[in-house]
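Worksheet for the structure shown next.
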Amino acid sequence: MTFGSGRSLRLGRVAGIPVHVSPTWFLVAAVITIGFEPFVSRYLDDLGNGTYAVSFAFAVLLYGSVFLHEVSHALTALGLGLPVRGITLHFLGGYTEIERDSPTPGRDLVVSAAGPLLSLVLGAGAYVASRPVHGDVTEFLLFELAAANLVVGVFNLLPALPLDGGHMLRAVVWRVTGDENRGTVVAGRAGQVLAVLVLVVPFAASGGTPDVVGVVWAALVAMLLWSGATQALTVGRMRARLPALDPRRLARPAAPVAPDVPLSEALKTARGAGVTSLVVVDSAGRPTGVLNEAAAAAVPQERRPWVTVGQSSRTLTEGLVVGLGVTGDELLRVMRETPASEYLVVDEHGRVYGVLASSDVDAALAAR
Ligand SMILES: [Zn+2]
């Protein structure tokens, strides 16, 4: 459930962590205020229009609780040495973005549990605080705050991604089986099952005649759960393939060629050497460019004797040279920073190893 920072407003920082708010947050604050007001006026009937103020106060308290829930995740992650990129609050809760470069199931479990735990403690605290107060707005708000936090805490503990309980289930399966991807698959599938169950709830609870608001809310929650779970499964599948992203395996063998050689001749040389990739080298044999295979293929047959290899090549810059040791996540990062169709792969001594085609990397990522 990530929202781009381009569509959210920056609120400020907590412990150095940037906090963003999605615009939908304000919309739902209004919906909660209006939707909750009839409930307020049923319990506090002598307030007149003040019921809207109480209802709005509840929305603010609810959002405050969700915010503290996210802060709990974030501070726990920081305490365990995991950098936190930011907190985003959106219309059905929040999202804490944590960098997990060296994840362990143990740390994932603790960070995930920290949020719901805080919600439950906050709920219990609000309930205890509401006991000595009687018959007024404060008691009402404290009691509702307790109930809301209890719901947030328990709901988030359900063992299904993208909920916190899903992350906890994932960590436990990962720890037990030693297989991170299996954990993601189990918790992700559980998320899809939960999404379907949520759709059924309003029908089951009403004996088959649910009200429209209940159905809309259930559909909204089910949709978010389904997309979150499906996204987690997709990311998990990709992560499982990262070890396959190894230039040593993926690089195509390449033949060296001088820049002023006609394209037709160079392609003949490549065919003779049994390779498809060409590396442009200077008179000292140092690589200076990589043939852009798409550009070369686009040159009509009859023009190829009049076009040089250099004209169909991309000159090497720092980002276009990839070491053999650059694999997985790091390889993807390098390719994102300098997008190209071909990269030169060099060994630890700087010698040409081959050419890495980005289409081969895409294929390795998409492989089933
Ligand atoms: Zn949480």
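Structure above, values below:
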{"item": "Considering residues of the stretch 181-190 that are over 16 Å from the mean Cα position of the chain (by Cα) and in contact (Cβ under 8 Å) with a residue 40 or more places away in the chain only, the residue farthest from D108 (Cα to Cα)", "result": "R189"}
{"item": "Whichever residue in the stretch 47-67 is farther than 24 Å from G125 by Cβ and open to solvent by 70 Å² or more (accessible area, probe 1.4 Å) and, among such residues, is modelled with the lowest pLDDT", "result": "N49"}
{"item": "Qualifying position, being polar (S, T, N, Q), farther than 16 Å from V235 by Cβ, more than 18 Å from the chain's Cα centre (by Cα) and within 16 Å of the ligand (Cβ to nearest atom), among S130, S119", "result": "S119"}
{"item": "Options E144, E97; residue that is more than 13 Å from the ligand (Cβ to nearest atom) and in contact (Cβ under 8 Å) with a residue 24 or more places away in the chain", "result": "E144"}
{"item": "Helices (runs of 4 or more DSSP H) fully within the stretch 259-368 counting 2 or more residues that are without any contact (Cβ under 8 Å) to a residue 12 or more places away in the chain and farther than 23 Å from R249 by Cα", "result": "293-298"}
{"item": "Which numbered condition G153 fails, given (1) in contact (Cβ under 8 Å) with a residue 24 or more places away in the chain; (2) more than 16 Å from the ligand (Cβ to nearest atom); (3) touching a Ser or Thr at 6+ places or on another chain (Cβ under 8 Å)", "result": "(2)"}
{"item": "Options L44, L9; residue that is touching a strand residue (DSSP E or B) at 6+ places or on another chain (Cβ under 9 Å) and either over 15 Å from G93 (Cα atoms) or buried (at least 18 other Cβ atoms within 10 Å of the Cβ) (or both)", "result": "L9"}
{"item": "Condition broken by G165, with the remaining ones in (1) more than 19 Å from A190 (Cβ to Cβ); (2) within 16 Å of the ligand (Cβ to nearest atom); (3) of a type in the set (G, A, S) satisfied", "result": "(1)"}
{"item": "Conditions (1) under 23 Å from the mean Cα position of the chain (by Cα); (2) within 11 Å of the ligand (Cβ to nearest atom): number failed by L89", "result": "(2)"}
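The values are calculated or read from the model by the stated rules, or taken from the named source; none is laboratory data. The model shown is predicted, which means the values in this text are computed figures rather than measured ones. FYI the Cβ positions are ideal-geometry reconstructions off the backbone, even for glycines, and counts take in every protein chain you see. With ligands, DNA and RNA removed, areas are computed over all heavy atoms of the protein, side chains included. Shrake-Rupley method; radii C 1.70, N 1.55, O 1.52, S 1.80 Å.
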